[in-house]
Ligand code: 6PG
């Protein structure tokens with residue numbers, strides 16, 4: 001701390017803001033946070049590691065005055081209007097060359113607008129995805145910055161210090177122009193939705209097979225020790241052992257099946273359609289969360305369409321292996337779809353997203369970290385312009401090794417009426433993606449028949465139209 005001025009300021013001292021600041025302080029930076037809530041300011045200071053420089057203040061102007069120029073100010077506030085409100089209140093207080101970072105889950109189009117708006121005033125604005133939840137923020141998140149390169153160079157040492165490390169490499173890198181940081185984080189969350197949906201389907205299938213929560217814990221724990229090693233599988237194993245403190249039940253059994261969402265998964269789906277890029281496992285995951293909210297209708301339908309011929313699976317080792325393999329297959333497909341979306345978005349939206357860096361940053365600290373990302377990182381090292389990781393030989397070998405078991409499991413789920421839309425969708429995408437000739441020639445014929453939309457031929461170049469009619 002020089003001149004009694006602080007290195008870094010944070011607006012919003014909720015769980016993420018507080019823990020990121022404490023993490024920075026632990027790495028030798030002097031930090032100051034602003035929150036109107038005195039309780040949050042006190043909580044920040046009392047949680048600081050002894051010997052670190054951490055201060056919480058109730059006035060924004062006070063925080064800005066106490067920062068070393070060029071000021072580095074990050075906000076962690078809810079996406080949307082609150083971000084614009086913070087910017088408006090900061091503008092009279094900051095000076096040319098100061099840096100403002102939005103570390104929340106903002107929509108990338110808002111970030112584009114803000115980069116432009118603040119750039120015109122000489123202020124560097126950076127949209128930055130931060131993943132890892134409370135624990136990640138405190139001990140090492142995955143950080144996805146994009147936009148202003150000058151701003152990034154300025155804060156790079158701080159971000160590298162606080163980020164998660166994998167083999168000594170910090171899980172942070174400059175991920176592209178304009179709104180790239182928030183775009184990458186949006187797609188990260190889309191993949192997060194997909195994998196969570198897939199895990200919930202495998203849980204449901206194994207539960208139908210009669211596995212107790214203790215057994216489910218053991219299965220997921222062993223999966224996490226193998227090729228399905230990932231943060232989401234790891235926490236799933238823990239969840240099955242958690243007891244409810246209000247009853248004798250296992251907590252998972254008393255949690256309502258209506259799943260919430262803040263919108264980033266939906267944004268991924270919406271934007272994929274704008275590009276367009278096909279991400280059907282993510283679309284399915286978003287739809288299933290929506291469908292989970294139809295509780296009353298589902299209760300009525302369950303009586304109307306009683307599951308009277310549901311085949312109960314036998315929890316044999318072979319069956320559990322099939323479930324494992326299907327989850328592995330569909331997890332690869334989820335990453336493949338999300339990464340393909342980033343690859344295309346980078347081109348269409350001129351964001352220059354470096355794919356090898358994206359997967360490298362996701363290897364540690366974030367919610368979708370998994371051992372599979374090492375394989376993808378290798379694939380991109382070999383071919384940075386890989387449009388879809390399914391086209392990589394090594395990834396293809398992994399997919400093929402579990403394809404048969406995935407088909408058996410999906411067929412079983414379909415036959416026995418156990419919902420497995422995500423698993424099914426991943427297999428359907430795979431079958432369409434690996435097909436040289438899709439039946440969409442017929443769709444072209446239909447479009448030309450009723451709407452003269454024209455078609456192309458396989459033998460002669462050009463655009464054609466036919467006067468169709470009953471033959
Ligand atoms: C992360 C998470 C984080 C948050 C999700 C939850 O990477 O740390 O993605 O950002 O937990 O936004 O999203 P939903 O509320 O939409 O499930």
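The values are calculated or read from the model by the stated rules, or taken from the named source; none is laboratory data. Since we're looking at a predicted model, the values are computed, not measured. Cβ sites come from the backbone with ideal geometry, for glycine too, and all protein chains shown count toward neighbours.
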* Asked: Looking at this structure, is residue 290 modelled with pLDDT of 95 or more, within 16 Å of the ligand (Cβ to nearest atom) and either in contact with a strand residue (DSSP E or B) (Cβ under 7 Å, 6 or more places away or on another chain) or farther than 17 Å from residue 184 by Cα (or both)?
  -> yes
* Run residue 313 past the list (1) loosely packed, with under 14 Cβ neighbours inside 10 Å; (2) assigned to a loop (DSSP other than H, G, I, E, B); (3) at pLDDT below 95 and report the number of the one that doesn't hold. => (1)
* Asked: Could you say which residue among 397, 330, 326, 411 is at pLDDT 95 or above, closer than 23 Å to residue 185 by Cβ and assigned to a helix (DSSP H, G or I)?
  -> 330
* How many of the residues making up the range 222-246 are over 21 Å from residue 193 (Cα atoms) and either within 25 Å of the chain's Cα centre (by Cα) or in a loop (DSSP other than H, G, I, E, B) (or both)? -> 8
* To do: Output yes when any residue across the range 266-276 is within 27 Å of residue 322 (Cβ to Cβ) and not in a helix (DSSP H, G or I), and no when none is.
  => no
* Of the residues in the range 341-366, how many are crowded, with 22+ Cβ neighbours inside 10 Å and either within 16 Å of the ligand (Cβ to nearest atom) or not in a loop (DSSP other than H, G, I, E, B) (or both)? -> 13
* Identify all residues within the range 169-194 that are at pLDDT below 95 and out of contact with any helix residue (DSSP H, G or I) (no Cβ under 6 Å at 6 or more places or on another chain); write none if there are none. => 177
* Structure fact -> Heads up, the helices (runs of 4 or more DSSP H) in the range 111-209 (entirely inside) with at least 3 residues that are within 11 Å of the ligand (Cβ to nearest atom) are 133-139, 180-208
* To do: May I ask you to verify whether residue 333 is in contact with a helix residue (DSSP H, G or I) (Cβ under 6 Å, 6 or more places away or on another chain) and within 16 Å of the ligand (Cβ to nearest atom)?
  => no
* **Leading residue by the ranking (farthest from residue 87 (Cα to Cα)) among those in the range 109-135 that are touching a strand residue (DSSP E or B) at 6+ places or on another chain (Cβ under 7 Å) and touching a residue at least 60 places away in the same chain (Cβ under 8 Å)** => 132
* For the range 374-391, state whether one or more residues are in contact with a helix residue (DSSP H, G or I) (Cβ under 6 Å, 6 or more places away or on another chain), assigned to a loop (DSSP other than H, G, I, E, B) and within 20 Å of residue 265 (Cβ to Cβ). => no
* Give the number of residues within the range 75-104 that are out of contact with any strand residue (DSSP E or B) (no Cβ under 6 Å at 6 or more places or on another chain) and part of a loop (DSSP other than H, G, I, E, B). => 14
* To do: Tell me which of these residue 306 doesn't satisfy, since it passes every other one: (1) more than 16 Å from the ligand (Cβ to nearest atom); (2) in a helix (DSSP H, G or I); (3) surrounded by fewer than 18 Cβ atoms within 10 Å (Cβ to Cβ).
  => (2)
* Look at the range 248-263 and say how many of its residues are assigned to a loop (DSSP other than H, G, I, E, B), at pLDDT 95 or above and away from the ligand (no atom under 16 Å from the Cβ). => 1
* When you go through (1) free of Cβ contacts under 8 Å to residues at least 24 places away in the same chain; (2) closer than 25 Å to residue 367 by Cα; (3) away from the ligand (no atom under 16 Å from the Cβ) one by one for residue 266, which number turns out not to apply? -> (3)
